[in-house]
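Colleague: Take a look at this one; I'll ask things after.
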Amino acid sequence: MRTLDDSPRTRIRIPTVIMDETHQTLQADPPEQARPEPVATPLPGQTRHLWWQRGVIYQIYPRSFMDSDNDGVGDLAGIEQRLDYLQWLGVDAIWISPIYPSPMADFGYDVSNYTDVHPLFGTLAEFDRLLEATHARGMRLLLDFVPNHSSDLHPWFLESRSSRENPRRDWYLWSDAAADGGPPNNWRSVFGGSAWEWDELTGQYYYHAFLKEQPDLNWRNPEVQEAMLDVLRFWLDRGVDGFRVDVLWHMVKDARLRDNPPNPDYVPGQPPYEELLASFSTDQPEVHDIVARMRELVDGYEERLLIGEIYLPIARLVSYYGEDGSGVHLPFNFQLITLPWDARAIAAAVSEYEGSLPLHGWPNWVLGNHDQPRVASRVGREQARVAAMLLLTLRGTPTIYYGDELGMHDVAIPPEGIRDPQALNMPGVGRSRDPARTPMQWSAHANTGFSDAESWLPVSMDYPRFNVERERDDPHSMLSLYRSLLMLRSREPALQVGDYTPVPADGAVICYLREHAGARFLIALNLGHAPTIVEPAHPPVTGTVACATYRGREGTRVEGRILLGGDEGLVIQLD
Ligand code: GLC
Ligand code: MG
């Protein structure tokens, strides 16, 4: 341990000062250094950074996190049992995928009652207890809000489909057949086939962007808007800290139901949905008016957060911040998932994203979720460590997907065990999301400590090695790396809210600076497997390793050149 007195930081920091005729002090440092000290400021209208700007979000897929009643499916009481773990890990908020009553055609993303809890997960009283226990630990709780579609068994849809004259007919999207008797247009379902389902009883088609068991609500109807805003109020009044809004960019469709154009970049073998560009079925200008209504409502409560699930190119994505902050606080940024794991591509995308943010736009980064292959499977176990460092040191709110902190990877599921409708509906092309939804690995006990019963999806074979109990005592584990990164981040405002400056680097290396109030961190990440040397011209690198993807280098000095091992990442605190 260095003492403060012999620290090179104290030595080097003494500036060379000269006085000019007007007795103003001038620093003799290079011109770049003479710039005013950058101070990361909160967004316009804010006097301080809010919890969700400083904090880290952790996504829980409730079916797979912890099963308290041994029915093989995770539940709310299970989450409550594991809150101490999350607090120890150092996350600030949990987002829980849908827990509402649902026939489970899409595992909860088909809601049949927006203001209750599915008995599988527990009761409203148990939810209140979980919320209180989360708050008692200084953490926040976000719910998943699924406004684009309900279940086909939701009473609203049952009424809507009962007759053309039903007052709720217009709550969903009904349309006559085309002249040839076929669907009204060429829109496809994300889960395969036409997005239109023929309804024999009333002789019309209804639209479903996902399963036919998930009819889309008609958000142009003011009654639908009111009913759904009431849902938000219901949960906000109970004390939830915000929402992740499901498929936000799907919510409004072209009023004239124009055909979608073909996608010139379609590659055969991709899901059939990709064959067309969703130009008329998604991302319509009117969606922003609806988001503005949600935002206004949420802003009536203190420090609540709205996140939007939006898969769009950056230029379109940032429009969801809305004019003057009338959009969602965080349009989810999925670039670390969708881009190839390539240093140049990612560095360029970070710059493009940073450069595209509106003045009031706070950035965010996501590495995994319940719809995507796990990061450890996408980039490999070694690079997953580099990815963790990237996620937790870029500027913006990070979201961690449960189990990624253990290095969990996709679990092979035999064809007869597939549960995901995305795979079952599109045999051959539909990628199953089950492999990324397997039970959280708690211990080496039977069923990995998740449940005494057989779990709804199988547990990974390697759970005896990769689990919380074992990894928390191993300084070299993925879990220890996540925890050190989270601890470092919570200690250092520069990493939470500091400015971001890219530092030019070549080849497989990504390099950037985070700084706030005089504290500066240089992050150097090797996305390749071969060792390499980084020698940034500016800023000159003299500092101490604060965190390393592989243990042992913390506390060591770096002077001028950074030697990076293959798959290595370093956070260096500059002097
Ligand atoms: C979102 C959810 C996904 C679900 C779909 C339809 O993309 O994340 O899991 O299948 O919406 O609700
Ligand atoms: Mg259970």
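The values are calculated or read from the model by the stated rules, or taken from the named source; none is laboratory data. Here the structure is a predicted model, which means the values were calculated and not measured. Quick reminder, even Gly has a Cβ in these numbers, built from the backbone with ideal geometry, and neighbours come from all protein chains shown.
Colleague: Sort through Gly90, Gly122, Gly45 and tell me the only one that's modelled with pLDDT under 95, small (Gly, Ala, Ser) and away from ligand 1 (no atom under 16 Å from the Cβ).
Modeller: Of Gly90, Gly122, Gly45, the one residue that is modelled with pLDDT under 95, small (Gly, Ala, Ser) and away from ligand 1 (no atom under 16 Å from the Cβ) is Gly45.
Colleague: Does Pro98 satisfy the condition of being surrounded by fewer than 19 Cβ atoms within 10 Å (Cβ to Cβ), in contact (Cβ under 8 Å) with a residue 12 or more places away in the chain and within 16 Å of ligand 1 (Cβ to nearest atom)?
Modeller: So Pro98 fails the test.
Colleague: Is there any pair with a first residue in segment 64-81 that is in contact (Cβ under 8 Å) with a residue 60 or more places away in the chain and of a type outside the set (D, E, K, R) and a second that is assigned to a helix (DSSP H, G or I) and within 16 Å of ligand 1 (Cβ to nearest atom) whose Cβ atoms are under 6 Å apart and which are 6 or more apart or on different chains, and what are they?
Modeller: Filtered contacts from segment 64-81: Val73/Arg63; Gly74/Pro62; Gly74/Arg63; Gly74/Ser64.
Colleague: Identify the residue in segment 170-201 that is farther than 26 Å from Met104 by Cβ and touching a residue at least 24 places away in the same chain (Cβ under 8 Å) and, among all such residues, is nearest to ligand 2 (Cβ to nearest atom).
Modeller: Restricting to residues being farther than 26 Å from Met104 by Cβ and touching a residue at least 24 places away in the same chain (Cβ under 8 Å), the top hit is Asp170.
Colleague: Just one of Tyr273, Tyr301, Tyr266 is modelled with pLDDT of 95 or more, out of contact with any helix residue (DSSP H, G or I) (no Cβ under 8 Å at 6 or more places or on another chain) and over 28 Å from Gly380 (Cβ atoms); which is it?
Modeller: None of the other options fit; the residue is Tyr273.
Colleague: Could you please find all residues in segment 303-326 being assigned to a helix (DSSP H, G or I) and in contact with a Gly (Cβ under 8 Å, 6 or more places away or on another chain)?
Modeller: Correct list: Val318, Ser319, Tyr320, Tyr321, Gly325.
Colleague: Can you name the residue in segment 45-74 that is surrounded by fewer than 24 Cβ atoms within 10 Å (Cβ to Cβ) and assigned to a helix (DSSP H, G or I) and, of all such residues, is nearest to ligand 2 (Cβ to nearest atom)?
Modeller: Trp51
Colleague: What are the residues in segment 518-575 that are more than 14 Å from Asp506 (Cβ to Cβ) and among the acidic types (Asp, Glu), if any?
Modeller: Selection gives Glu554, Glu559, Asp567, Glu568, Asp575.
Colleague: Return the residues of segment 75-101 that are more than 13 Å from ligand 2 (Cβ to nearest atom) and within 18 Å of Leu232 (Cα to Cα); say none if nothing qualifies.
Modeller: Ile94, Trp95, Ile96, Ser97, Pro98, Tyr100, Pro101
Colleague: Can you tell me which residue is surrounded by the most Cβ atoms within 10 Å (Cβ to Cβ) among those in segment 112-140 that are of a type in the set (D, E, K, R) and more than 14 Å from ligand 2 (Cβ to nearest atom)?
Modeller: Within segment 112-140, the match that is surrounded by the most Cβ atoms within 10 Å (Cβ to Cβ) is Arg140.
Colleague: Here are some residues: Leu248, Leu173, Leu236, Leu217. Which one is under 30 Å from Glu126 (Cα atoms), surrounded by 17 or more Cβ atoms within 10 Å (Cβ to Cβ) and in contact with a Lys or Arg (Cβ under 9 Å, 6 or more places away or on another chain)?
Modeller: Testing whether each residue is under 30 Å from Glu126 (Cα atoms), surrounded by 17 or more Cβ atoms within 10 Å (Cβ to Cβ) and in contact with a Lys or Arg (Cβ under 9 Å, 6 or more places away or on another chain) leaves just Leu236.
Colleague: So in segment 166-212, with the set limited to residues that are of a type in the set (A, V, I, L, M) and out of contact with any strand residue (DSSP E or B) (no Cβ under 7 Å at 6 or more places or on another chain), which one is farthest from ligand 1 (Cβ to nearest atom)?
Modeller: Looking at residues that are of a type in the set (A, V, I, L, M) and out of contact with any strand residue (DSSP E or B) (no Cβ under 7 Å at 6 or more places or on another chain), I get Ala179.
Colleague: Limited to segment 327-369, what total is found for residues that are in contact with a helix residue (DSSP H, G or I) (Cβ under 8 Å, 6 or more places away or on another chain), surrounded by fewer than 19 Cβ atoms within 10 Å (Cβ to Cβ) and not in a loop (DSSP other than H, G, I, E, B)?
Modeller: Counting residues in segment 327-369 that are in contact with a helix residue (DSSP H, G or I) (Cβ under 8 Å, 6 or more places away or on another chain), surrounded by fewer than 19 Cβ atoms within 10 Å (Cβ to Cβ) and not in a loop (DSSP other than H, G, I, E, B) gives 4.
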